[in-house]
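Working notes, structure below.
The values are calculated or read from the model by the stated rules, or taken from the named source; none is laboratory data. For clarity, every value in this text was computed on a predicted model and none was experimentally measured. All Cβ positions, even for glycine, are placed from backbone atoms using ideal geometry, and neighbour counts span all protein chains on display.
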Amino acid sequence: MSGLTVNSTTATTSTATSSSSSAAGTSASTLDYDAFLKLLIAQMKNQDPTNPMDSSEYIAQLATFSQVEQTMKTNTKLDSLLTSSAISQAEGLVGRTVSSDDGKVSGEVKSIKITDDGPLATLSTGDKLLITSGVTVA
């Protein structure tokens, strides 16, 4: 989720979203549907004609791949939903005063950057504060 920023001056979001970068990263390391079908066809062409593979095995392979593909799509949509939720929550913090659990860092939130660790607030004092449990919002 890194790369999302909410600023107090614009109150909009700038998204160099990780969903596109993570999708690009996963597509290079995973097998897509077309590649799977090519492998399946190659397997069918090169099987032993005296002992062909059972058609139920092909169906099971297709069903398994389809299930994995749907799970990947669901995860992508869930990531998008979580990012939207984080942006909405971050917009609500801009202009508010936050304090760390120990009280050492405090100030008005000028901008929020959504990171993999959670929302990172930039305060009017120039300090940065990761918004986690224990942070007080006033």
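Got a sec? Which of T50, T9 is at pLDDT 80 or above, surrounded by fewer than 11 Cβ atoms within 10 Å (Cβ to Cβ) and outside any helix (DSSP H, G or I)?
Details: T9 fails: at pLDDT 80 or above.
Answer to the selection: T50.
Just for strands (runs of 3 or more DSSP E) wholly inside region 68-133: which have at least 1 residues that are surrounded by fewer than 17 Cβ atoms within 10 Å (Cβ to Cβ) and of a type in the set (S, T, Y)?
Answer list for region 68-133: 97-99, 106-115.
Between V94, V137, V105, which is over 25 Å from the mean Cα position of the chain (by Cα) and touching a residue at least 40 places away in the same chain (Cβ under 8 Å)?
Working: V94 fails: over 25 Å from the mean Cα position of the chain (by Cα); V105 fails: touching a residue at least 40 places away in the same chain (Cβ under 8 Å).
After applying the criteria, what remains is V137.
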